[in-house]
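Here the structure comes first, spelled out in structure tokens, and everything after it is commentary.
The values are calculated or read from the model by the stated rules, or taken from the named source; none is laboratory data. This one's a predicted model, so the numbers in the text were calculated from it and none came from an experiment. Cβ coordinates were reconstructed from backbone atoms using ideal geometry, including for glycine residues, and neighbour counts include every protein chain displayed. Just the protein is used for accessible areas: all its heavy atoms, side chains included, with ligands, DNA and RNA removed. Shrake-Rupley method; radii C 1.70, N 1.55, O 1.52, S 1.80 Å.
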Amino acid sequence: MTREAVRPRDVREWAESAVSDAERRGLPDLRPLLENLAQSLAVLRAADWNDPALADAGDEDEGR
Amino acid sequence: MRMRDEMSIAVLAPRIAARELSAERLTGETLERIARVNPQVNAFIAVLADRALADARRLDADIARGRYAGPLHGIPVSVKDLVDVGGVATTAASRVRRAHVAQRDATVVERLRAAGAIVVGKTNLHEFAYGTTSEDSAYGPVRNPRDTSRSAGGSSGGSAAAIAAGLCAGSVGTDTGGSIRIPAAACGTVGLKPTFGEIPCRGVVPLSRSLDHVGPMAGDVASTWVLYQAMSGVPVALPASGRANTQPDAKHMRVAIPRRYFLDLLDADVRARFGDAIERLGRAGAVLSDTDISHAEAIPTVYLHIQLPESSAYHAKTLEREPESYTPGVRLRLELGRYVLAEDYVRALRGREVLQHEVDAALADVDALALPTLPIPAPAIGQAGVRLDGADVPVRAVMLRLTQLFDISGHPAISLPCGETPAGLPVGLQLVGRRGGTADLLGVAMACEALMAVPH
């Protein structure tokens, strides 16, 4: 069974979409794992290395 | 002397070289012990008895003709059943690969055989190396030789259990989040994760290609060193003669301890044994200091957002075709990884660079970092959670907590025993070296190992 496209903008929308998709696919046991992953995702998205577009270009690695 | 000590390569190699002990006799005794002990620990998925004995006879004939291959000549080793041995199934402890037969040896196995090692069998593991307890296996759980009601750790649990029970002198393990070091700590053995990319992964079923490492496991650091040399493809020699059995010179060795995060959540007995180990280092003259990994709290999230999608991508087709062939826990984690978005994977890759720089900086002025390997002693088989410092935490997350950073960063790390809990369960000391400095790390580990063996 294929999955629905998961294209949320924020963590809450991502989690709701993913849980809904997992239940539709007959995988309700995924819910607690997805909820834990959502907490982890919030940490990742909030990390201070995630705003490179506002940093000096010189901060970015060379060799591109 | 414990059976694990009798199986030290530093003990066996000189006896084989001097023809006091034949490879055939050593292999025969090892196979007899496997037949007697393996039903209790379930360390082996396959025992290659006929082939091992034939190899042993050939190696004895080589010695008789004056062709001694070095310290691994005639030494019985095992191979985690995630790694190809030509002509034998690589099951990955999964029903998914029940029909598989490897066409040729993995590079590490080729190198070990070329150095004279004898492969006595393929060891049990957590299915596809995707777990820390070696319970989810199509061949049943691995049991810890110290207490068979407990996990041997994982995912290379069969390798560590086989070494601890004296069923081989060393083993080939793999480590993606701690899978060599965790079972080594749980079983009271030694496990080395080399620098990322140092030992080729050709012929090894991947878990997460940008995190996977292959490395040696053994009963002591000297044996681990010998296996590491062979697996690296360099000439094999025993470490400086007798050094492992003499009081080491730890004076001026510089060791930094990352306290925040890494010592925040520990079982009380693990904390006490780690404290003892650091005190021994200090009394021996090591220069101790504290250090900090400022983004340490981000380690699990960076790890998850790299490892989950990489594993799921590898298994995607099989997961669609025969999901029921996976054990339920592994199947769920593989499904979970399919929900990670590409942009979050890229964020995690950037986080990896940040963490790598921070570990580099922590090591800039010291020889090694020191921290526990496992925050808890080996958990009971089937145990899902553990209470630590007033908090309930999942066993899987807590077992990965202190090891996964160095898979993310690629730094070499080794676990060696540093004592036991009052219940007799081993505690592991983890040492971390500079990238590209695996041999230097082994030297530090050898000095520390001798200190841990001195009566307190």
Are there any trypsin sites (Lys or Arg not before Pro) in segment B:391-441 that are in a DSSP loop and have at most 16 other Cβ atoms within 10 Å? List them by number. none
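Can you give the relative contact order of segment B:165-285 as a percent, counting alpha carbon pairs under 8 Å and 6+ residues apart?
21 percent
Could you work out the relative contact order of chain B? I mean the mean sequence separation of Cα pairs under 8 Å and 6+ apart, divided by the number of residues, in percent.
About 17 percent, as a whole number.
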Computed over the Cα atoms of the protein assembly as shown, what is the ratio Rg over Rh, Rh following Kirkwood? 0.97
Determine, at each q value in 0.08, 0.13 (inverse angstroms), the log₁₀ of I(q)/I(0) that the Debye formula gives when each Cα of chain B is one equal point scatterer. -0.40, -1.12
Can you compute the FRET efficiency between residue B:65 and residue B:453 using 1/(1 + (r/R0)^6), with r the Cβ-Cβ distance and R0 = 41 Å? Round to the nearest 0.05. 0.60
Share of the protein assembly as shown's accessible area from carbon and sulfur, percent, 1.4 Å? 51 percent
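Rounded, prolate or oblate for segment B:18-109? Axes are the square roots of the Cα gyration tensor eigenvalues, ordered a ≥ b ≥ c, and the cut-off for rounded is a/c under 1.5.
On the way: a/c = 2.76, a/b = 1.58, b/c = 1.75.
Taking the square roots of the gyration eigenvalues as a ≥ b ≥ c, segment B:18-109 is oblate.
Per Stokes-Einstein, at 20 °C and 1.002 mPa s, what whole-number D in µm² s⁻¹ belongs to segment B:185-225, with the Kirkwood radius over Cα pairs as the hydrodynamic radius?
189 µm²/s
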For segment B:400-456, calculate the relative contact order in percent as a whole number, restricting contacts to Cα pairs under 8 Å that are 6 or more residues apart. 32 percent
Label-point gap, in nm, between residue B:254 and residue B:341 - each point 7 angstrom along Cα→Cβ: 4.4 nm
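Would you please give the FRET efficiency between residue B:240 and residue A:20, computed as 1/(1 + (r/R0)^6) with r the Cβ-Cβ distance and R0 = 51 Å, to the nearest 0.05? Write out the running numbers ahead of the final one.
Values: r = 62 Å, r/R0 = 1.22.
Taking R0 as 51 Å, the efficiency between residue B:240 and residue A:20 is 0.25.
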Over segment B:21-90, average the accessible area per residue using a 1.4 Å probe and give it in Å², no decimals. 38 Å²
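Once you have the Kirkwood Rh of segment B:291-387 from its Cα pairs, apply Stokes-Einstein at 37 °C and 0.692 mPa s and quote D in µm²/s.
203 µm²/s
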By how many nm would the segment from residue B:349 to residue B:209 lengthen if fully extended, with 0.36 nm per residue of separation less the alpha-carbon distance? 49.1 nm
In nanometres, what is the gap between the two model label sites at residue A:13 and residue B:279, each 7 Å from Cα along Cα-to-Cβ? 5.7 nm
Using DSSP H assignments, which helices in chain B have an axial alpha-carbon span of 18 Å or above and a mean Kyte-Doolittle hydropathy of 0.0 or higher? B:438-453
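Of all GluC sites (Glu not before Pro) in segment B:14-123, which ones are in loop regions per DSSP and have a Cβ with at most 14 other Cβ atoms within 10 Å? Mind dumping the intermediate values first?
Details: sites: B:20, B:24, B:29, B:32, B:110; in loops: B:20.
Passing sites in segment B:14-123 are B:20.
Nearest 0.05, what FRET efficiency do residue B:100 and residue B:50 give at R0 = 25 Å with Cβ-Cβ as r?
Numbers: r = 21 Å, r/R0 = 0.82.
With a Förster radius of 25 Å, E is 0.75.
Over all directions, what mean area does the Cα convex hull of segment B:70-114 project, stated in square nanometres? Each step should come with its number before you reach the end.
On the way: hull surface 13.2 nm².
Averaged projected area of segment B:70-114's Cα convex hull equals 3.3 nm².
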